[in-house]
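Asks: One structure is given below, represented as structure tokens, and several questions about it will come after.
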Amino acid sequence: MSGAGGITTAGRNIAAGDIPVDTPRLPAREAAESELSKPMYHENDPNFLQRALNRFWEWVAGVFDAAAGAAPGGPAGLVVLVVIVVGLAAALWWRLGTPQRSSRSVDALFDSDGPRSAAQHRTAAETHAAALRWTEAVQERMRAIVRSLEERSLLDPRPGRTADEAAAEAGRTLPEHTARLRAAARSFDDVTYGGRTADQAAYLSLRTLDLELDEAKPLLPGTSRGATG
């Protein structure tokens with residue numbers, strides 16, 4: 001009875017279509033990939049730019065989470081540190097001012113308004129001095145000194161030259177005035193880049209140097225100092 005019943009049950013299952021289907025794994029996966037690769041499944045996918053932005057923001061979030069985990073107090077502590085850093089940066093910016101010189105070329109003696117003669121610089125210096133604008137007077141007088149040396153061929157005209165460079169180069173042909181040329185260059189740098197204010201004494205010192213240099217005899221190559229004069 002049991003055997004017959006078992007046969008009857010098996011026959012009933014077969015008749016109901018319960019035969020197990022054994023599909024190989026690799027063809028099934030390939031068939032699924034082929035089906036999912038159809039355009040109809042990717043119409044709403046993000047484009048390349050959107051995917052790149054998503055990756056970027058995921059990276060930013062990861063960095064923030066890592067920093068928050070390392071900072072004392074977690075995310076709140078990280079926010080406090082960021083506020084402190086921003087405050088220090090603002091304080092330094094207020095104290096030092098906007099950076100205006102990032103290279104030596106920005107410290108050039110002459111501006112970009114076009115070349116002017118030594119006489120023109122002297123006239124401008126005297127005009128500023130008459131109006132008690134000593135800082136501008138010192139600047140123009142130093143420019144007059146260097147331009148005069150260029151006009152006398154004691155310095156080669158060179159764009160971007162700084163006051164210190166001009167003083168060092170001029171000192172080689174006018175050695176008796178080396179120390180005063182360097183002092184004049186320092187005065188120019190102090191009032192132009194150091195935020196200092198010139199006074200009448202500083203201007204008169206440069207004016208006297210300018211007049212003396214105009215009459216000074218240069219030290220020619222191969223000539224010793226004792227042979228000058």
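Asks: Taking K and R as +1 and D and E as -1, what net charge do the other residues with C-beta under 13 Å from the C-beta of residue 129 add up to? Don't skip to the answer; put the middle values down first.
Replies: Values: positive: 122, 133, 141, 207; negative: 126, 136, 140, 199, 210.
So the environment of residue 129 carries a net charge of -1.
Asks: Tally Lys/Arg at +1 and Asp/Glu at -1 over every other residue whose Cβ is under 13 Å from the Cβ of residue 156; what's the total? Before the final figure, lay out each step's value.
Replies: Numbers: positive: 147, 152, 158, 161, 172; negative: 150, 151, 165, 169.
That sum, taken over residues with Cβ under 13 Å, equals +1.
Asks: Excluding ligands, DNA and RNA, what is the solvent-accessible area per residue of the stretch 116-229 at a probe of 1.4 Å, expressed in Å²?
Replies: Numbers: 6050 Å² over 114 residues.
With the other protein chains kept in place, the stretch 116-229 gives 53 Å² per residue.
Asks: Turning to a different aspect of this structure: Counting only the heavy atoms of the protein chains, how much of residue 189 is accessible to a 1.4 Å probe, in Å² to the nearest 10?
Replies: 40 Å²
Asks: Do any chymotrypsin sites (Phe, Trp or Tyr not before Pro) in the stretch 181-220 lie in a loop, going by DSSP, with at most 14 other beta-carbon atoms within 10 Å of their beta carbon, and if so which?
Replies: Working: sites: 188, 193, 203; in loops: 193.
Sparse-neighbourhood loop chymotrypsin sites (Phe, Trp or Tyr not before Pro): 193.
The values are calculated or read from the model by the stated rules, or taken from the named source; none is laboratory data. The shown structure was predicted, so the numbers you read here are calculated from the model rather than taken from an experiment. Positions of Cβ are generated from backbone atoms using ideal geometry, with glycine treated the same way; all protein chains shown enter the neighbour counts. Note: areas computed on protein heavy atoms with side chains; ligands, DNA, RNA excluded. Shrake-Rupley method; radii C 1.70, N 1.55, O 1.52, S 1.80 Å.
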